[in-house]
Amino acid sequence: MKPSLYSYTLDELTQLIKPSFRAKQIYGWIYHNFAMSYDEMSNLPKDLRLQLEQTYDINPLKIINKEISSDGTIKYLLELRDKKTIEAVWLKMKDEIVEDGKVTQEARYTICVSTQVGCKVGCAFCLTAKGGFTRDLYVSEIVAQVVTLKKDNDHKHNRMVNIVYMGMGEPLDNLDNLAKAIEIFKESDGLAIGAKRQTVSTSGLSNKIDRLGRMDLGVHIAISLHAVDDELRTELIPMNKAHNIASIIEAVKRFPIDTRKRVMFEYLVIKDKNDDLGSAKKLIKLLHGIKAKVNLIYFNPYEGTTYERPSQDSMVAFADYLIKHGLLCTIRDSKGIDISAACGQLKEKTIKEAQ
Ligand code: SAH
Ligand code: SF4
């Protein structure tokens, strides 16, 4: 299998391709023009194009299914070269911009990226976990998700997107490839997506949170906390046995965080499991002293699960309680609820339809 051009930083490509100024041109073709073939690279000599074609692939991904939600969310099922599939999601957010007393709304986009085929962590509420673990994604497969979605949405290279590593897989379980992809996204001659626009979501491998911190990449972290006591958290996320809540909180406190920013804590709200005000009270205590923001997520049910979606009333009461006690909090409106929004759900559906 030929390596993909998306596997390399500009420095690496400069070492590989001579004369070296060509590397910058190629970077322009793949990240500014989203070129998917060598024929398009019109300012490269023909023999170089031929040589590149023999040595490198460009895009290792193919779009095989797409679901468009009424709220603008687009969920993609993408096929890798070994025919395995992953998901990536194009999320549309609205920003209000106030300028000269006029309020306008501008669309802002976030791409939710996968880091593995399947996942080893095995969370009880997560559909991705049901399929087990297949393999880590290569650097190029992580990078290609952003290029593919931007191109498919005709989104110019210099229009900004945010990246959240919240698709399939546990990002910190594929940390080396993740770190390199983050660097490639940051390249100023490439997509130029700064670290501040990239958020790594983790189920809480505390030793790897420390490792990510030591790499000092400048990215944000989001912790999938979901429970305030170890018993329930271990039921939901079995590896909580090895990385308990206290160890995660300690690791977060050591993590280098931009002083203007907050650590995001994801809290998946499940009916009659963790949606009571007693849990809200414990959450406040737990996050005391951390510049935190809590994101409450409605559990999104799927066929075969025993967990249920919480009522809107209990969700609002939970949020109110946190806010009254000084904790910043948002309720994640289930984006794309009509298109099987939570991770793993489109893949599952497509497999069923094909049967
Ligand atoms: N593995 C990482 C990132 C991918 S999971 C992590 O766990 O943080 C991304 C998010 O999807 C997690 O916060 C997870 O809690 C959420 N999720 C998984 N299954 C869900 C479901 N059925 N309903 C709503 N959110 C879900
Ligand atoms: Fe893996 Fe995250 Fe799903 Fe847990 S929630 S199984 S860590 S993808």
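Miscellaneous remarks
- A single member of Leu5, Leu44, Leu50 is touching a residue at least 24 places away in the same chain (Cβ under 8 Å) and among the hydrophobic types (A, V, I, L, M, F, W, C), and it is Leu5.
- Picking from residues in region 122-155 that are of a type outside the set (D, E, K, R) and free of Cβ contacts under 8 Å to residues at least 40 places away in the same chain, the one that is surrounded by the fewest Cβ atoms within 10 Å (Cβ to Cβ) is Gly132.
- Filter pass, Asp210 being open to solvent by 40 Å² or more (accessible area, probe 1.4 Å) and of a type in the set (Asp, Glu): no
- For Pro256, the stated conditions hold: it is open to solvent by 20 Å² or more (accessible area, probe 1.4 Å) and either hydroxyl-bearing (Ser, Thr, Tyr) or away from ligand 2 (no atom under 13 Å from the Cβ) (or both).
So that you can scan it fast, the table gives a plain yes or no per residue for (1) under 21 Å from Tyr8 (Cα atoms); (2) of a type in the set (Ser, Thr, Tyr); (3) under 13 Å from the mean Cα position of the chain (by Cα):
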| residue | (1), (2), (3) |
| --- | --- |
| Cys119 | no, no, no |
| Cys126 | no, no, no |
| Lys130 | no, no, no |
| Val139 | yes, no, no |
| Val143 | yes, no, yes |
| Thr148 | yes, yes, no |
| Asn177 | yes, no, no |
| Leu205 | no, no, no |
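- Flag if Leu13 is exposed (fewer than 15 other Cβ atoms within 10 Å of the Cβ) and assigned to a helix (DSSP H, G or I): no
- Filtered residues of region 109-129 (kept if closer than 21 Å to His243 by Cα and either outside any loop (DSSP other than H, G, I, E, B) or near ligand 2 (Cβ under 8 Å from one of its atoms) (or both)): Gln116, Gly118, Cys119, Lys120, Val121, Gly122, Cys123, Phe125, Cys126, Thr128, Ala129
- Some residue of region 184-199 being away from ligand 1 (no atom under 15 Å from the Cβ), of a type in the set (Phe, Trp, Tyr) and either free of Cβ contacts under 8 Å to residues at least 60 places away in the same chain or within 23 Å of Val263 (Cβ to Cβ) (or both): yes
- In region 130-144, of all residues being within 11 Å of ligand 2 (Cβ to nearest atom) and either among the aliphatic types (A, V, I, L, M) or in a loop (DSSP other than H, G, I, E, B) (or both), the one that is farthest from Thr305 (Cα to Cα) corresponds to Gly132.
- Test for Lys291: is it within 16 Å of ligand 2 (Cβ to nearest atom) and open to solvent by 40 Å² or more (accessible area, probe 1.4 Å): no
- Condition check for Ser42: more than 16 Å from ligand 2 (Cβ to nearest atom), of a type in the set (S, T, N, Q) and at pLDDT 95 or above: yes
- Considering residues of region 65-95 that are out of contact with any Leu (no Cβ under 6 Å at 6 or more places or on another chain) and polar (S, T, N, Q) only, the residue most open to solvent (accessible area, probe 1.4 Å): Ser70
- Residue in region 153-163 that is among the basic types (Lys, Arg), within 11 Å of ligand 1 (Cβ to nearest atom) and part of a loop (DSSP other than H, G, I, E, B) present: no
- Residues being more than 16 Å from ligand 1 (Cβ to nearest atom), at pLDDT 95 or above and of a type in the set (Gly, Ala, Ser) are represented in region 200-214 by at least one member.
- Within region 156-207, restricting attention to residues that are within 16 Å of ligand 2 (Cβ to nearest atom) and charged (D, E, K, R), the residue that is most open to solvent (accessible area, probe 1.4 Å) is Asp173.
- All conditions but one from (1) within 13 Å of ligand 1 (Cβ to nearest atom); (2) free of Cβ contacts under 8 Å to residues at least 12 places away in the same chain; (3) not aliphatic (A, V, I, L, M) apply to Thr234; the one that does not is (1).
The values are calculated or read from the model by the stated rules, or taken from the named source; none is laboratory data. For clarity, every value in this text was computed on a predicted model and none was experimentally measured. FYI the Cβ positions are ideal-geometry reconstructions off the backbone, even for glycines, and counts take in every protein chain you see. All accessible areas refer to the heavy atoms of the entire protein, side chains included, with ligands and DNA or RNA removed. Shrake-Rupley method; radii C 1.70, N 1.55, O 1.52, S 1.80 Å.
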